[in-house]
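First the structure, in the form of structure tokens, and then the observations on it.
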């Protein structure tokens, strides 16, 4: 499911991701003019991933920051990594966006999981759980 909106409705976006974090996207209509980015978002959603407009993520993170539990302990860089995870980026995509190594991203992701109390589990996707925890507060 891919939602296009004129403006950001953070509660709806958070509910959309919480209900079914796979195969969903929330994009702002005025920011889908870049055909390559739009096609990439469509492909990500079609493959079962997520595609959230960076502005949607930014506003969701800002609105949930006050109510956040373990996310308060995240560093600024860890919050950047988590915001890019919320956009549906892979570790390689995060590394490219932040101009850091893949190993650095892996260390940040591991630290995020640790600070949010998300141990490895075969039945859970820690990336999705971390994003949900951050967005829900």
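The values are calculated or read from the model by the stated rules, or taken from the named source; none is laboratory data. What you see is a predicted model, and the numbers here were worked out from it, not measured in a lab. All Cβ positions, glycine included, derive from the backbone under ideal geometry; neighbour counts span all protein chains shown.
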Check off (1) in a helix (DSSP H, G or I); (2) surrounded by fewer than 16 Cβ atoms within 10 Å (Cβ to Cβ) for residue 85 and give me the number that stays unchecked.
(2)
Please go through region 98-137 and pick out each residue that is in contact with a helix residue (DSSP H, G or I) (Cβ under 8 Å, 6 or more places away or on another chain), more than 15 Å from residue 60 (Cα to Cα), buried (at least 16 other Cβ atoms within 10 Å of the Cβ) and at pLDDT below 95.
111, 112, 113, 115, 116, 118, 126, 127
Please specify each residue of region 6-60 satisfying the condition of being out of contact with any strand residue (DSSP E or B) (no Cβ under 7 Å at 6 or more places or on another chain), touching a residue at least 60 places away in the same chain (Cβ under 8 Å) and surrounded by 21 or more Cβ atoms within 10 Å (Cβ to Cβ).
60
Are any residues in region 23-49 closer than 22 Å to residue 129 by Cβ and either in contact with a helix residue (DSSP H, G or I) (Cβ under 8 Å, 6 or more places away or on another chain) or part of a strand (DSSP E or B) (or both), and if so, which ones?
23, 24, 25, 26
Only one of 93, 102, 88 that is touching a strand residue (DSSP E or B) at 6+ places or on another chain (Cβ under 7 Å) and closer than 24 Å to residue 40 by Cβ:
88
Quick one: in region 73-82, which of the residues that are touching a helix residue (DSSP H, G or I) at 6+ places or on another chain (Cβ under 8 Å) and not in a loop (DSSP other than H, G, I, E, B) is farthest from residue 27 (Cα to Cα)?
73
